[in-house]
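Take a look at the structure set out below.
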Amino acid sequence: MSESPPILALKDVRKAFGAVRALQDVSLELWGGEIHALAGENGAGKSTLVKTLAGVHRPDEGQVLLDGRPVEFHGPGDAQHAGVAVIYQEPTLFPDLSVAENIFMGRQPRSRFGRIDRRVLRAETAKLFVRLGVALDPDRPARGLSIADQQIVEIAKAISRDARVLIMDEPTAALSGNEVARLFTVARTLRDQGCALLFISHRLEEIFDLCRRVTTLRDGRYISTELLDGLTADDLVQRMVGRELDTLYPKQETTIGETVLKVSRLTREGVFTDVSFEVRSGEIVALAGLVGAGRSEVARAIFGIDRYDAGTVEVGTVRLAGGSPTTAMSAGLALVPEDRRQQGLVMEGSIERNIGLTQLRSLRRGPVISRKIERDRAADWAIRLQLKYARLSDAVGVLSGGNQQKVVLAKWLSTEPSVLIIDEPTRGIDVGTKSEVHRLLSELAGQGLAVLMISSDLPEVLGMADRVLVMHEGRLTAEIPRDQATEETVMAAATGQTRQEAA
Amino acid sequence: MAALTADAGGRRFVDMVLRARELSILAALIVLVAVTTAVNSSFLSTQGVKDIFLNASILALLAVGQTMVVVTRNIDLSVGSVVGLVAFASGKFVAGHDRNILLVLVVGMLIGAACGVVNGVLVSFFKVPALVVTLGTLYVIQGLDYYWAHGQQINAADVPASLLDLGNGSVLGIPYLPLITVVVMVAVGYYLRAYPSGREFYAIGSNPDAARLAGIAIRKRILTAYVVSGVLAGLAGVLWLARFGTVVADAAHGWELKVVSAVVVGGVAIVGGLGSVYGAALGALLLTTIGSVLVVLKVNSFWQDAIAGALLLLAISVDRLLALRVNRALRKRNARHGA
């Protein structure tokens with residue numbers, strides 16, 4: 001350790017959102033001239049930590065230290081002023097403004113009378129792009145830039161600020177090999193200039209390639225900080241997961257039956273291309289891949305939310321007309337969406353109302369909906385799914401994430417589907433309830449339901465799936481049976497390093 | 001611009017695309033005027049042109065203020081009521097006294113500013129949706145105005161000649177009213193384009209989350225936008241009195257929708273982030289011209305609102321269609337890059 005204090009540090013930080021404890025007693029030290037990795041599963045609290053460093057969240061307890069002195073960031077502006085720059089997972093650009101304006105927003109070069117000096121603005125931007133080795137027109141609007149280019153603009157923004165601390169929250173998730181290499185070169189240059197960097201990635205080899213030290217979080221708790229030198233990938237996974245996979249993923253043996261969902265050559269231009277696969281009854285098929293690979297989009301197209309340009313979807317023997325969720329539902333499809341709060345539930349509505357939503361017609365007595373039938377139906381499902389609640393008339397908003405997910409499941413299972421598509425089944429759910437959701441999925445498959453599970457959670461994919469389909473940049477790149485599926489084979493296909501023909 | 005580099009060419013292209021909306025409105029205006037003049041040659045008389053500009057001035061002034069609000073992804077529906085209130089209040093203020101014009105203008109704008117502060121604080125600090133807040137203040141201000149007026153009206157005879165001269169007189173043949181509007185429009189337009197804080201209004205409307213992360217003082221800017229809209233509505237109120245002399249309590253009743261139409265027709269995106277005060281002012285001029293054209297062509301004036309409405313729908317449809325096309329093109333282009 002050097003004598004001078006770390007540039008930026010967290011000390012025993014706690015942060016809770018309602019009942020969810022996002023961070024508990026987490027400490028982190030970022031030293032100048034070093035790239036520090038932050039590892040952890042989805043939902044481990046990495047993003048909350050980043051937002052705390054960036055001044056978006058204020059810690060409930062604990063301190064943020066800048067150059068060893070406690071500081072309080074009252075907003076993102078304060079953090080930026082202190083030299084902390086963040087590149088978020090999702091680039092945060094202004095689509096209607098020019099690239100140059102995006103980079104210098106809030107710090108535009110001025111000429112006389114405080115006006116923006118557009119000539120200098122343009123020249124400075126061009127200089128930054130030369131330094132980054134990219135050819136972008138400073139005057140073009142940010143709208144329509146590819147994710148990689150948006151990322152570059154974000155990096156240019158950070159560099160232009162002469163940031164002392166650069167935090168990168170999964171910057172490589174949507175980048176190609178060349179773009180990642182370019183990013184790493186920039187990161188190393190900044191490190192050599194004395195910046196402190198915090199790097200977050202799901203790709204372990206990137207962490208080992210780029211970083212010197214790693215801090216691991218699990219379920220919002222601080223686990224360890226250590227030098228990567230001498231650590232193996234397995235060690236790191238062990239710290240992130242911290243438990244044996246078998247107990248967490250109670251996979252039942254099932255008998256696999258007929259094909260119930262058949263997707264052939266499905267294409268939506270610019271989003272996904274030539275996607276073909278089958279799901280049989282009793283089978284859990286995982287659809288893995290990096291964020292932005294087009295997995296959710298495929299699910300949305302199958303269910304008829306988005307249209308597709310070519311290909312077919314068959315459920316049983318019925319060929320679905322695209323673009324109609326109603327026909328998809330009556331054919332036996334159910335879709336549990338990625339975002340429970342926005343897409344899965346009416347948050348202010350009661351548990352019973354939410355469960356009844358998919359089946360309003362069958363709740364009728366005469367022309368009107370019967371509260372009694374609605375309540376009985378909901379109570380029945382609550383018992384079957386072991387829902388933890390106080391009253392069925394409570395708003396679903398007060399439930400924990402896991403129990404909310406059960407309500408979404410009840411809502412869709414009550415339509416008696418033959419195929420369940422479930423997008424990120426356990427995102428943002430605590431570990432205990434997570435395994436309950438997993439057990440439930442296993443049971444449902446055991447009863448003959450065909451399950452298509454989209455998941456970014458690699459242990460979940462490996463633990464639950466009978467078969468793993470992997471997507472990369474809008475195409476299926478691999479189909480891996482359960483016994484051959486490992487972290488390496490799945491990640492290799494997800495990052496486009498192997499291109500097996502999907503059977 | 002002396003430096004003619006390769007990227008200046010690119011810049012000019014982008015500028016041209018952004019200006020396309022203003023140009024197409026201008027083209028529509030020219031066609032409209034040409035056709036009408038062909039039918040009735042007296043349409044383009046000096047007096048006729050002067051009348052159109054006089055009539056468009058107040059609407060354009062309000063459109064300039066509204067643009068600042070709409071660009072931040074908000075809306076100000078209370079402007080019609082503010083014009084009514086200020087017109088009546090300043091009428092009361094000057095009736096029977098010989099007041100200094102500047103003082104009248106300042107009082108009018110202060111009343112407008114107060115209304116703007118109420119709107120702005122509710123929208124920015126209490127995070128109440130702008131539509132609801134300004135709909136509420138629309139009725140509250142209107143109610144206050146009616147209660148105060150109690151059926152009275154301000155008569156031109158009570159208004160000092162100096163003020164009436166402001167509304168109807170001219171300098172070097174150019175009437176004061178359009179002159180004031182153009183000065184205000186250029187000032188606001190220049191501020192929005194050339195100053196860092198001006199660009200922040202666009203940033204807020206373009207992506208509020210990113211604006212927050214960029215450390216922009218969102219609440220302050222939104223408050224400013226409402227205050228500017230209020231002040232300009234106050235100014236418009238005094239000018240209304242100056243132009244018409246006779247003012248009843250429901251002056252400018254229903255104008256808020258006219259103003260919003262002008263702004264949208266003028267190419268300001270209703271979802272914020274895009275558009276200029278020049279476009280909005282042109283939109284106001286176009287709507288006013290259509291009104292005059294209908295009179296000249298002896299079309300029943302009831303049609304005027306319907307045509308304004310149709311134009312609004314057309315403008316929004318064209319915007320949406322263009323946006324979809326651009327998105328589709330970009331999607332396909334990116335796809336080819338990816339493959």
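At a glance:
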read-out: Any chance B:Gly91 is among the small types (Gly, Ala, Ser) and free of Cβ contacts under 8 Å to residues at least 40 places away in the same chain; value: no
read-out: Residue tally, condition away from chain B (no Cβ under 13 Å) and polar (S, T, N, Q), over the range A:48-99; value: 3
read-out: Of all residues making up the range A:313-323, the number that are surrounded by 15 or more Cβ atoms within 10 Å (Cβ to Cβ) and either of a type outside the set (A, V, I, L, M) or in contact with a Gly (Cβ under 6 Å, 6 or more places away or on another chain) (or both); value: 4
read-out: Residue under evaluation A:Pro141, criteria (1) within 9 Å of chain B (Cβ to nearest Cβ); (2) closer than 23 Å to A:Thr185 by Cβ, criterion not met; value: (2)
read-out: Given (1) crowded, with 20+ Cβ neighbours inside 10 Å; (2) assigned by TED's automatic domain parsing to the domain that holds A:Lys46, number of the condition A:Pro138 does not satisfy; value: (2)
read-out: Flag if A:Glu416 is touching a Ser or Thr at 6+ places or on another chain (Cβ under 9 Å), within 26 Å of A:Thr327 (Cβ to Cβ) and acidic (Asp, Glu); value: no
read-out: Residue list for the range A:21-44, restricted to those being within 23 Å of the chain's Cα centre (by Cα) and either surrounded by fewer than 20 Cβ atoms within 10 Å (Cβ to Cβ) or part of a helix (DSSP H, G or I) (or both); value: A:Arg21, A:Gln24, A:Asn42
read-out: Residue within the range A:237-257 that is part of a strand (DSSP E or B) and modelled with pLDDT of 80 or more present; value: no
read-out: Single unsatisfied condition, A:Tyr308 versus (1) assigned to a loop (DSSP other than H, G, I, E, B); (2) more than 20 Å from A:Asp423 (Cα to Cα); (3) of a type in the set (Ser, Thr, Tyr); value: (2)
read-out: Residues of the range B:249-278 that turn out to be more than 14 Å from chain A (Cβ to nearest Cβ) and either hydrophobic (A, V, I, L, M, F, W, C) or closer than 24 Å to B:Tyr190 by Cβ (or both), as a count; value: 14
read-out: Subset of the range A:100-120 (residues that are more than 9 Å from every other protein chain (Cβ to nearest Cβ) and crowded, with 22+ Cβ neighbours inside 10 Å); value: A:Ala100, A:Ile103
read-out: Options A:Ala293, A:Ala331, A:Ala310, A:Ala382; residue that is among the aliphatic types (A, V, I, L, M), surrounded by 15 or more Cβ atoms within 10 Å (Cβ to Cβ) and at pLDDT 90 or above; value: A:Ala331
read-out: Residue satisfying condition, being in contact with a strand residue (DSSP E or B) (Cβ under 9 Å, 6 or more places away or on another chain) and either free of Cβ contacts under 8 Å to residues at least 60 places away in the same chain or farther than 30 Å from A:Tyr389 by Cβ (or both), within set A:Glu278, A:Glu338, A:Glu352; value: A:Glu278
read-out: Tally of residues being among the acidic types (Asp, Glu) and closer than 14 Å to A:Gly292 by Cβ across the range A:470-488; value: 1
read-out: Top-ranked residue in the range B:185-219 [being touching a Lys or Arg at 6+ places or on another chain (Cβ under 9 Å), more than 8 Å from every other protein chain (Cβ to nearest Cβ) and among the aliphatic types (A, V, I, L, M); ranked as surrounded by the most Cβ atoms within 10 Å (Cβ to Cβ)]; value: B:Ile204
read-out: Residue in the range A:394-411 that is hydrophobic (A, V, I, L, M, F, W, C), in contact with a Ser or Thr (Cβ under 8 Å, 6 or more places away or on another chain) and either farther than 14 Å from A:Ala334 by Cβ or not assigned by TED's automatic domain parsing to the domain that holds A:Thr255 (or both) present; value: yes
read-out: Checklist (1) closer than 15 Å to A:Gly106 by Cβ; (2) in contact with a helix residue (DSSP H, G or I) (Cβ under 8 Å, 6 or more places away or on another chain) applied to B:Leu177, failing item; value: (1)
read-out: Filter pass, B:Ala249 being within 17 Å of the chain's Cα centre (by Cα) and of a type outside the set (Val, Ile, Thr); value: no
read-out: Qualifying residue in the range A:303-319 (condition: more than 30 Å from A:Leu228 (Cα to Cα), among the small types (Gly, Ala, Ser), in contact with a Phe, Trp or Tyr (Cβ under 9 Å, 6 or more places away or on another chain) and within 14 Å of chain B (Cβ to nearest Cβ)); value: no
read-out: Exclusive hit being within 11 Å of chain B (Cβ to nearest Cβ), part of a helix (DSSP H, G or I) and under 21 Å from A:Leu190 (Cα atoms), set A:Ala148, A:Ala156; value: A:Ala148
read-out: Entirely in the range B:187-261, the helices (runs of 4 or more DSSP H) that have 3 or more residues that are at pLDDT 95 or above and of a type in the set (Val, Ile, Thr); value: B:218-244
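Residue-by-condition table, conditions (1) at pLDDT below 85; (2) part of a helix (DSSP H, G or I); (3) aliphatic (A, V, I, L, M); (4) closer than 17 Å to B:Ala60 by Cβ:
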{"site": "B:Ala281", "(1), (2), (3), (4)": "no, yes, yes, yes"}
{"site": "B:Leu285", "(1), (2), (3), (4)": "no, yes, yes, yes"}
{"site": "B:Val299", "(1), (2), (3), (4)": "yes, no, yes, no"}
{"site": "B:Ala308", "(1), (2), (3), (4)": "yes, yes, yes, yes"}
{"site": "B:Leu311", "(1), (2), (3), (4)": "yes, yes, yes, yes"}
{"site": "B:Ile316", "(1), (2), (3), (4)": "yes, yes, yes, no"}
{"site": "B:Leu322", "(1), (2), (3), (4)": "yes, yes, yes, no"}
{"site": "B:Asn327", "(1), (2), (3), (4)": "yes, yes, no, no"}
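For every residue, the table says whether it meets (1) in contact with a helix residue (DSSP H, G or I) (Cβ under 7 Å, 6 or more places away or on another chain); (2) touching a residue at least 24 places away in the same chain (Cβ under 8 Å).
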site	(1), (2)
A:Arg295	no, yes
A:Val298	no, yes
A:Ile302	no, yes
A:Asp309	no, yes
A:Thr317	no, no
A:Ala321	yes, no
A:Thr327	no, no
A:Gly332	no, yes
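The values are calculated or read from the model by the stated rules, or taken from the named source; none is laboratory data. Not measured: the values here are computed from a predicted model. Neighbour counts are summed over all protein chains in view; Cβ atoms, including those assigned to glycine, are modelled from backbone coordinates with ideal geometry.
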